[in-house]
Amino acid sequence: MINKISIVLIIITCFSCKNETKSNGKLNIVTTTSMITDLVKNIGGDYVNIQGLMGSGVDPHLYKASEGDVTKLVEANVIFYNGLHLEGKLVEVFEKMGSATKTPIALGEELDKSTLIGSDYFASNYDPHVWFDIEYFKQFASKVTHVLSEKDPINTENYQVNAETYISKLEALQTKIKGTIETLPKEKRILVTAHDAFNYFGKAYDFEVVGLQGLSTATEAGVKDVQKLSAFIIEKDIKAIFVESSVPRRTIEALQAAVKSKGHEVEIGGTLYSDALGNAGTLEGTYIGMFEYNVNTIVNALK
Ligand code: ZN
């Protein structure tokens, strides 16, 4: 019996010899996470066609390529993904996708590895949630600009102008959120969420970060983890814990119930966007809007 991955690989093999084709003279770009899609939209603007595979609320750790996705990937001129094993179920597809004319670009793999947070959960040995440090996202922006300019030299100047505008917006975001976070006393900066997506955020903005589920949503939290973390919440007198948009609520609700069963109260401080942005057309549907929303939600609930 031919399984799904075999079909995927057959399709890839059949198409990988195809020359690069651009529709309407524009580069066809395929991206994975909504954060990367938003970034490429900001830099590519109207000069490229972009198709993002993962919409809002989609968990990249568990995402599997559909046959439609594989067709999009095969027909793309450029593929940008996070890498560092974030898109765990797509690794094999990307590895087979490489050819002389097209190498999928893992933006996270381009970062200086010695500065990344190590992890035993992922085959990459690194925590892949790098977009929560805006400095790294700025490096993503530079890499995307470089690749687009190289693949489509006619529009180099346009990409560079767009990149300068976007990077200055990211710098303004950094200043703004630092100001917001400074209003929260250091001892209250403890962030408890469903899974460990916020380690880079914690490192950059001086939060202690505790995830219930480990780094990847592929591993469920056990009863022991819930008991241990509920004791920690009571000991540290933490006011609020947080749900994530791409992780089921039940893990955090179980934690809240465990705290309650010990005679204490902890609020659910709101829903954070971790591995996916909000709906397109909303403020949280952009990387910058998502970051501001998360920081406001965290600071308001923990104050
Ligand atoms: Zn994650």
Could you check how many residues of region 247-268 are within 14 Å of GLY211 (Cα to Cα) and in a loop (DSSP other than H, G, I, E, B)?
-> 3
All but one of (1) more than 18 Å from THR297 (Cβ to Cβ); (2) under 22 Å from the mean Cα position of the chain (by Cα) hold for ILE252; which doesn't?
-> (1)
Across (1) of a type outside the set (A, V, I, L, M, F, W, C); (2) away from the ligand (no atom under 14 Å from the Cβ); (3) under 20 Å from the mean Cα position of the chain (by Cα); (4) buried (at least 17 other Cβ atoms within 10 Å of the Cβ), ASN158 clears everything bar (3)
The one condition in (1) over 17 Å from the mean Cα position of the chain (by Cα); (2) closer than 23 Å to ALA163 by Cβ; (3) open to solvent by 20 Å² or more (accessible area, probe 1.4 Å) that ALA76 fails to fulfil | (3)
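Just to be sure, is VAL299 in contact (Cβ under 8 Å) with a residue 40 or more places away in the chain, surrounded by fewer than 21 Cβ atoms within 10 Å (Cβ to Cβ) and more than 16 Å from the ligand (Cβ to nearest atom)?
Values: in contact (Cβ under 8 Å) with a residue 40 or more places away in the chain: yes; surrounded by fewer than 21 Cβ atoms within 10 Å (Cβ to Cβ): yes; more than 16 Å from the ligand (Cβ to nearest atom): yes.
Yes, satisfied.
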Among the residues of region 53-71, how many are more than 15 Å from the ligand (Cβ to nearest atom) and under 13 Å from ASN82 (Cβ atoms)?
-> 1
Search result, residues across region 161-207 that are open to solvent by less than 50 Å² (accessible area, probe 1.4 Å) and farther than 30 Å from GLY222 by Cα = ASN162, ALA163, TYR166, ILE167, LEU170, LEU173, GLN174, ILE177, GLY179, THR180, ILE181, LEU184
Of the residues in region 20-52, how many are open to solvent by 10 Å² or more (accessible area, probe 1.4 Å), within 19 Å of the chain's Cα centre (by Cα) and away from the ligand (no atom under 16 Å from the Cβ)?
-> 7
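The values are calculated or read from the model by the stated rules, or taken from the named source; none is laboratory data. Please read these numbers as outputs of a predicted model, since none were measured by experiment. Heads up, the Cβs are rebuilt from the backbone with ideal geometry, glycines too, and the neighbour counts pull from every protein chain shown. Accessible surface is based on the protein model in full, side chains and every heavy atom, while ligands, DNA and RNA are left aside. Shrake-Rupley method; radii C 1.70, N 1.55, O 1.52, S 1.80 Å.
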